[in-house]
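Trainee: A single structure is presented below for examination.
The values are calculated or read from the model by the stated rules, or taken from the named source; none is laboratory data. All values reported here derive from a predicted model rather than from experimental measurement. In this analysis, Cβ positions are derived from the backbone assuming ideal geometry, glycine residues included, and neighbour counts consider all displayed protein chains. Ligands, DNA and RNA are stripped out before the accessible areas are found, and what is left, the full protein with its side chains, is counted by its heavy atoms. Shrake-Rupley method; radii C 1.70, N 1.55, O 1.52, S 1.80 Å.
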Amino acid sequence: MPKKTTATEVKEAVKNTGVKAAETVKETAGKVAEKASEVKEAAKTETKKVAEKAVSAKNAVKTAAKRTASKAAEKKSGPASEVYIQFGGREATVESVIAKATELYVADGHRASSIKSLQVYLKPEESAAYYVINKKYAGRVELF
């Protein structure tokens, strides 16, 4: 025949079960806190790695932009060159002709910064250079 349990025994059994449950909860909470700490550290490490990669990428972009700008400047300016006109034992440079044309344009009341285009036509047999500025203003300068 089954043994009869008393109220005190039932209370004691419930108490023991509660204590065991509390210990299990404490143990599980400790493990969860430990895992959370590990995850937090892993997240910090990954965040540092991502930040380092971002800085590295930023520097790579800056370097590439500088290279591109440098190459564009080289292409735009081209190699240093000088053009000489020689005729009948006399010599002039294209730069001097352009400078003279610009001076005359400015002397006529215009601003040098308003020059958008400049065409120069050299006629060494006449010792002259003809120019057209902004496809509107034309003039002549002595070549030699």
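Trainee: If you check Ala107, Ala73, which single one turns out to be closer than 15 Å to Val141 by Cβ, out of contact with any helix residue (DSSP H, G or I) (no Cβ under 9 Å at 6 or more places or on another chain) and among the small types (Gly, Ala, Ser)?
Mentor: Ala107
Trainee: Now for a separate question. Filter the range 126-142 for residues that are within 46 Å of the chain's Cα centre (by Cα) and assigned to a loop (DSSP other than H, G, I, E, B); which is surrounded by the fewest Cβ atoms within 10 Å (Cβ to Cβ)?
Mentor: Lys136
Trainee: While we're here: Given the structure, is Ala7 exposed (fewer than 10 other Cβ atoms within 10 Å of the Cβ) and among the small types (Gly, Ala, Ser)?
Mentor: yes
Trainee: Further question on the same structure: If you check Lys15 against the conditions, is it over 30 Å from Ala138 (Cα atoms) and either surrounded by 10 or more Cβ atoms within 10 Å (Cβ to Cβ) or of a type outside the set (Lys, Arg) (or both)?
Mentor: So Lys15 fits the description; yes.
Trainee: When the residues of the range 47-100 are narrowed to those that are among the hydrophobic types (A, V, I, L, M, F, W, C) and outside any helix (DSSP H, G or I), which ends up modelled with the lowest pLDDT?
Mentor: The extreme case among them is Ala80.
Trainee: Here's another thing I want to ask about it. Of the residues in the range 101-125, how many are surrounded by 15 or more Cβ atoms within 10 Å (Cβ to Cβ) and in a helix (DSSP H, G or I)?
Mentor: Number satisfying all stated conditions: 5.
Trainee: Now for a separate question. Does the range 54-75 contain any residue that is among the basic types (Lys, Arg), within 30 Å of Ala129 (Cβ to Cβ) and open to solvent by 70 Å² or more (accessible area, probe 1.4 Å)?
Mentor: Of the residues in the range 54-75, the ones among the basic types (Lys, Arg) are 58, 62, 66-67, 71, 75.
Filter again for within 30 Å of Ala129 (Cβ to Cβ), leaving 75.
With the extra rule that they be open to solvent by 70 Å² or more (accessible area, probe 1.4 Å), the set shrinks to 75.
Scanning the range 54-75 turns up at least one residue that is among the basic types (Lys, Arg), within 30 Å of Ala129 (Cβ to Cβ) and open to solvent by 70 Å² or more (accessible area, probe 1.4 Å).
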